[in-house]
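These notes concern the structure reproduced below.
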Amino acid sequence: MNGAASPARSGRTADVAAWATGLRCEDIPPEVRRRALDLLLDTLGVGIAAGRTPAAGIAYDLACSQFAAGDTAAHLPFDGRRVSPAGAAYAFATRIDNLDGHDGYQPAKGHAGVALVPALLAVGALYGTSKNGHKALTDLVVGYEIACRAAVALHGSAGDYHSSGAWNALGVAALAARLRGFDAERLAAALGIAEYHAPRAPMMREIDSPSMLHDSSGWGALAGVTGADLAARGFAASPAALPGIGDAWSSLGNEWLVLDQYVKPHPVCFWAQPAITAALQLRERHGVDPARIVSVRIDTFDEARRLYAGIPDNTQTAQYALAFPVAAALVHGRLGPAEITPPGLDDPAVAALTRQVEVRSSDAFSRRFPKQRLAAVSIRLTDGTEYASDPTEPRGTPGDPMDHTAIEEKFTDYAEPLLGLDRARSLTACVAELDSDTRSLADLVALTASPIQTIR
């Protein structure tokens, strides 16, 4: 099947399902497959590092108590306990969601891979063990392409800004359906069930009051996996609400949204990252001594201005803050998991500088959101010297992407402290070789099954 000629561009659920079931690995350009592998590796790295967040332990324990394995079982990734595939997908997606370093899609104002990768492992553990790497990679690409277009369609039809779980559930349903070998009719039913049951959470409430709820992607993963399971059992559903909103589906099979995913250099909300990028550039360019900084001014778009302005006392608030991560980046010259989790949260120098940060809303930057996320930063020193940045976009966007080498370095930084060098290298090699006949999905699942250190 040639994706470029697909009638799925209509956006009708039946047409999208036909495209999704008919796509083959050879229909996907090599650069898209390579990027999908990079996104997979990056998401796994975030998920590994997220094992040290309190939310991860809570979600994993919930999966064990409420989503027991029954006659089907999958391992909780990097934990070893066995739960249902739906429970494993929910728990790992919630875990990833609570270290905000995973990929995203700017027009959707949200994230697909956070739910897709957990579903690939969880459903793949039961139904995809015989799949070679090519087929598993194709399933993942289908999930991204459907999830991101569903996001644009749903945001165009809904009046409020809702969370990613509302639409990444559809990508999960498509991925799970392919893993289970559904025909187009049954895949369409899975899409309809997942879309109807997916959470449409009010995202700005979470921005204004940060918590462990984050982007409801755990529930999106749960809705997608159970949607496919219900469809397998003959549960009937009306078509998913996909068509008729702009041109979200017109490029399906022709333009690959996998290539348009951003990769975060830092594990905080992407809205904060333009200011972090600008601040780090000023620090490096001018050799700024953080001890000499007396004030920092950030001009940004209005949504970013609403990020938490104070000194956070937990990691979930730090991830949805603006002043604190900018101050931490200026003090340490970097911003990784160590800076937004204990004991990094308690750094007195970061706290002192956070109090000197002023955040202002820019009408010009607000008008360009969500297509662009922009910020400008000004730093004033004790001698009165002031350094100011130009309007800055974050690293990792399609215009300034993190390449394969940078993503591997990020994975190593996030994963090696918990996995150890040998296992981190084995996982990196396995992901790199999925686009070949030498690796299978079972190999990847096996490498993620055994436990690592977590916070309990």
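Table for the structure above
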| item | result |
| --- | --- |
| Inter-residue pairs, beta-carbon under 9 Å, first free of Cβ contacts under 8 Å to residues at least 24 places away in the same chain and in segment 306-326, second of a type in the set (A, V, I, L, M, F, W, C) and in a loop (DSSP other than H, G, I, E, B), 6+ apart | none |
| Residue check for residue 247: exposed (fewer than 14 other Cβ atoms within 10 Å of the Cβ), in the same structural domain as residue 95 (by TED's automatic domain parsing) and touching a residue at least 60 places away in the same chain (Cβ under 8 Å) | no |
| Residue under evaluation residue 189, criteria (1) touching a strand residue (DSSP E or B) at 6+ places or on another chain (Cβ under 8 Å); (2) more than 30 Å from residue 403 (Cα to Cα), criterion not met | (1) |
| Matching option when the condition is more than 27 Å from residue 284 (Cα to Cα), modelled with pLDDT under 95 and out of contact with any helix residue (DSSP H, G or I) (no Cβ under 8 Å at 6 or more places or on another chain), among 370, 451 | 451 |
| Any hit, segment 91-103, residues being β-branched (Val, Ile, Thr) and more than 30 Å from residue 335 (Cβ to Cβ) | no |
| Test result for residue 36, part of a helix (DSSP H, G or I) and surrounded by 24 or more Cβ atoms within 10 Å (Cβ to Cβ) | yes |
| Of all residues in segment 418-427 being in a helix (DSSP H, G or I) and free of Cβ contacts under 8 Å to residues at least 24 places away in the same chain, the one that is surrounded by the fewest Cβ atoms within 10 Å (Cβ to Cβ) | 422 |
| Those residues of segment 108-123 which are part of a helix (DSSP H, G or I) and either modelled with pLDDT of 95 or more or among the β-branched types (Val, Ile, Thr) (or both), in sequence order | 113, 114, 115, 116, 117, 118, 119, 120, 121, 122, 123 |
| Set 258, 225: member being in the same structural domain as residue 144 (by TED's automatic domain parsing), assigned to a helix (DSSP H, G or I), β-branched (Val, Ile, Thr) and more than 24 Å from residue 73 (Cα to Cα) | 258 |
| Any hit, segment 98-110, residues being under 24 Å from residue 187 (Cα atoms), surrounded by fewer than 24 Cβ atoms within 10 Å (Cβ to Cβ) and not aliphatic (A, V, I, L, M) | no |
| Matching entry among 174, 198, 189 (being over 15 Å from residue 147 (Cα atoms) and touching a helix residue (DSSP H, G or I) at 6+ places or on another chain (Cβ under 7 Å)) | 189 |
| Matching entry among 249, 256 (being under 21 Å from residue 22 (Cβ atoms), modelled with pLDDT under 95 and among the aromatic types (Phe, Trp, Tyr)) | 249 |
| Output for segment 170-222, where each listed residue is surrounded by fewer than 24 Cβ atoms within 10 Å (Cβ to Cβ), of a type in the set (A, V, I, L, M) and either over 22 Å from residue 160 (Cβ atoms) or not assigned by TED's automatic domain parsing to the domain that holds residue 14 (or both) | 184 |
| Subset of segment 383-412 (residues that are within 30 Å of residue 299 (Cα to Cα) and in a helix (DSSP H, G or I)) | 406, 407, 410 |
| Long-range neighbours under 6 Å by Cβ, at least six apart or interchain, first residue closer than 14 Å to residue 108 by Cβ within segment 200-218, second at pLDDT below 90 and assigned to a helix (DSSP H, G or I) | none |
| Any hit, segment 334-342, residues being among the acidic types (Asp, Glu), at pLDDT 95 or above and more than 24 Å from residue 42 (Cα to Cα) | no |
| Qualifying residues in segment 287-301 (those that are in a strand (DSSP E or B) and of a type outside the set (Ser, Thr, Tyr)) - the one surrounded by the most Cβ atoms within 10 Å (Cβ to Cβ) | 298 |
| Check on residue 422, farther than 30 Å from residue 303 by Cα and in contact with a helix residue (DSSP H, G or I) (Cβ under 8 Å, 6 or more places away or on another chain) | no |
| Subset of segment 302-322 (residues that are surrounded by 22 or more Cβ atoms within 10 Å (Cβ to Cβ) and part of a loop (DSSP other than H, G, I, E, B)) | 307, 320, 322 |
| Residue among 141, 123, 152 that alone is over 20 Å from residue 16 (Cα atoms) and either among the β-branched types (Val, Ile, Thr) or out of contact with any strand residue (DSSP E or B) (no Cβ under 8 Å at 6 or more places or on another chain) (or both) | 123 |
| Residue check, residue 139 modelled with pLDDT of 95 or more, closer than 22 Å to residue 165 by Cβ and within 14 Å of the chain's Cα centre (by Cα) | no |
| Among the candidates 303, 206, residue that is in contact with a Leu (Cβ under 9 Å, 6 or more places away or on another chain) and either modelled with pLDDT of 95 or more or more than 30 Å from residue 177 (Cα to Cα) (or both) | 206 |
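The values are calculated or read from the model by the stated rules, or taken from the named source; none is laboratory data. What you see is a predicted model, and the numbers here were worked out from it, not measured in a lab. Virtual Cβ from ideal backbone geometry, glycine too; neighbours counted across all protein chains shown.
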